[in-house]
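Enquirer: There's a structure below that I have some questions on.
The values are calculated or read from the model by the stated rules, or taken from the named source; none is laboratory data. Since the structure is predicted, the reported quantities are computational estimates derived from the model, not experimental observations. Cβ: placed from backbone, ideal geometry, glycine included. Neighbour counts: every protein chain shown.
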Amino acid sequence: MNRKKICVITGSRAEYGLLQPVMRKIKNSEIFDLQVIATGSHLEKEFGYTYREIESDSFLIDRKIEIHANSSSDVAVANSMSLCLIGVASALKELSPDLAIVLGDRYEILAAAQAAMVCHIPIAHIGGGDVAVGTYDNIIRHCITKLASIHFVTHQDAFNRVLQLGENPNYIYNVGSTCVENARSASLLTKKALEDQLEISLGRNIAVVTFHPLTMSVDDGADELEALLGSIDLICKEPDSTVVFTKANADQGGHEVNLRLEGFVKDRPNCHLFDSLGYRRYLSLVKLAKVVVGNSSSGIYEAPYLMTPTVDVGQRQMGRKAPASVFRADGSKGSIENALKLAFSFSFDNTEMIYGDGSSSQLIFDALSSVKEFSPLIEKEFFDRS
């Protein structure tokens, strides 16, 4: 039997962590050959050269596509998309995979999906059907859905939205999120091991903070960031507290966010800023934390399964389905402080988890294995429900 070639395209630290369990299943299979294209912030020094994490997980990166993702103006983002489109198209023609897998809603992933489409390579998309506001990720996510032929969604509402977009229900799979198996199966580090690796001292009260810009906002969410930092300052003043920040993604306005964070932590000895923690260290830190704060989807996906409450700030994740351990704050200092109080007193007793049971990568693998031929899927039609 001819082994089918499946190419996974990854552009950032966050989405790689979710792809990793699927990549592992494909790599270890007897029916597929895994190919990997790394692009985006993976290849930027500012974001910690996170392609090294892929390689340290024993994956061979077949092609590295540099797109200068360290600039964050609107024109720079458009230029990065064009470089990604050109680079990924060339790589796909050389690698000639039977299927491309992409995850999420970032601009470089949209460009990669466009490249796959024009190269007549069917696409499997993980994470379609979600909704959010404040960023163009929301638009990009739906665009990738229309470019893709196979859809792996994380909950029933997302399934219904992908169906509403005219996709064939035979190729929409509600598999939950791979974040669950990451949270449950990862070999997490002890507090001492984390301190040694990060070269910092962790207090008894730990907060993990990530803030990404609002790419559809005039000020990129600067007001929300200032309110967040004002609230975090209260945590900093608590005895035996540690606040760990991770830098924003390579988004429009991300560079400015990171500059502001660098200034904030400079004179606060119990605050620390990292380019990237890596997935294992990040999950280990979240498990130890008293609260996760900011507007990253990890506060909604991973943190609940690690039994850590989340304060979700502002517009970025508004509309994304979340369990009861996620407390929404409207982006004002008072709202954030109130949400922090609720998070600190939250109990996980009987909290319903909504992103699956930890079998997502196996469900994805089984679905891929059931498809006899991928090539006919490129000629998709609008599935009209009427």
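Enquirer: Restricting to region 69-96, name every residue that is out of contact with any helix residue (DSSP H, G or I) (no Cβ under 6 Å at 6 or more places or on another chain) and in a loop (DSSP other than H, G, I, E, B).
Expert: If the condition is that a residue be out of contact with any helix residue (DSSP H, G or I) (no Cβ under 6 Å at 6 or more places or on another chain) and in a loop (DSSP other than H, G, I, E, B), then S71, S73, S96 are the ones that fit.
Enquirer: Check whether at least one residue in region 305-314 is surrounded by 23 or more Cβ atoms within 10 Å (Cβ to Cβ), assigned to a helix (DSSP H, G or I) and in contact with a Cys (Cβ under 8 Å, 6 or more places away or on another chain), and report yes or no.
Expert: Looking through region 305-314, at least one residue is surrounded by 23 or more Cβ atoms within 10 Å (Cβ to Cβ), assigned to a helix (DSSP H, G or I) and in contact with a Cys (Cβ under 8 Å, 6 or more places away or on another chain).
Enquirer: In addition: Among the residues of region 58-114, which ones are in contact with a strand residue (DSSP E or B) (Cβ under 8 Å, 6 or more places away or on another chain) and of a type in the set (V, I, T)?
Expert: Across region 58-114, the qualifying residues are I61, I65, I67, V88, I101, V102, I109.
Enquirer: Which is in a loop (DSSP other than H, G, I, E, B), without any contact (Cβ under 8 Å) to a residue 60 or more places away in the chain, surrounded by 20 or more Cβ atoms within 10 Å (Cβ to Cβ) and not small (G, A, S), of D105, D130?
Expert: D105
Enquirer: Restricting attention to region 151-174, and to residues there that are surrounded by 23 or more Cβ atoms within 10 Å (Cβ to Cβ) and in contact with an Asp or Glu (Cβ under 9 Å, 6 or more places away or on another chain), which single residue is nearest to I123 (Cα to Cα)?
Expert: If we take residues in region 151-174 being surrounded by 23 or more Cβ atoms within 10 Å (Cβ to Cβ) and in contact with an Asp or Glu (Cβ under 9 Å, 6 or more places away or on another chain), then H151 is nearest to I123 (Cα to Cα).
Enquirer: Let me ask another. Which of the residues spanning region 16-27 are at pLDDT 95 or above and more than 16 Å from S359 (Cα to Cα)?
Expert: Within region 16-27, K27 is the sole residue that qualifies.
Enquirer: Let me ask something else about it. Residue under question is L194, and the condition is that it be outside the structural domain of L363 (by TED's automatic domain parsing) and either under 17 Å from K321 (Cβ atoms) or surrounded by fewer than 24 Cβ atoms within 10 Å (Cβ to Cβ) (or both); does it hold? Before you say what the answer is, go through the steps one by one.
Expert: Values: outside the structural domain of L363 (by TED's automatic domain parsing): yes; either under 17 Å from K321 (Cβ atoms) or surrounded by fewer than 24 Cβ atoms within 10 Å (Cβ to Cβ) (or both): yes.
Yes; evaluated as a whole, the condition is true for this residue.
Enquirer: Could you go through region 222-239 and let me know if any residue there is crowded, with 17+ Cβ neighbours inside 10 Å and not in a helix (DSSP H, G or I).
Expert: Among the residues of region 222-239, not one is crowded, with 17+ Cβ neighbours inside 10 Å and not in a helix (DSSP H, G or I), which makes the answer no.
Enquirer: Out of region 322-337, which residues are touching a helix residue (DSSP H, G or I) at 6+ places or on another chain (Cβ under 6 Å) and outside any helix (DSSP H, G or I)? So that I can check it myself, show each step before the final result.
Expert: Residues of region 322-337 that are touching a helix residue (DSSP H, G or I) at 6+ places or on another chain (Cβ under 6 Å), as a first pass: 322-323, 325-327, 329, 331-333, 336-337.
Correct list: A322, P323, S325, V326, F327, A329, G331, S332.
Enquirer: For region 102-138, what are the residues that are over 23 Å from P21 (Cα atoms), of a type outside the set (G, A, S) and in contact with a Gly (Cβ under 7 Å, 6 or more places away or on another chain)?
Expert: V131, V133
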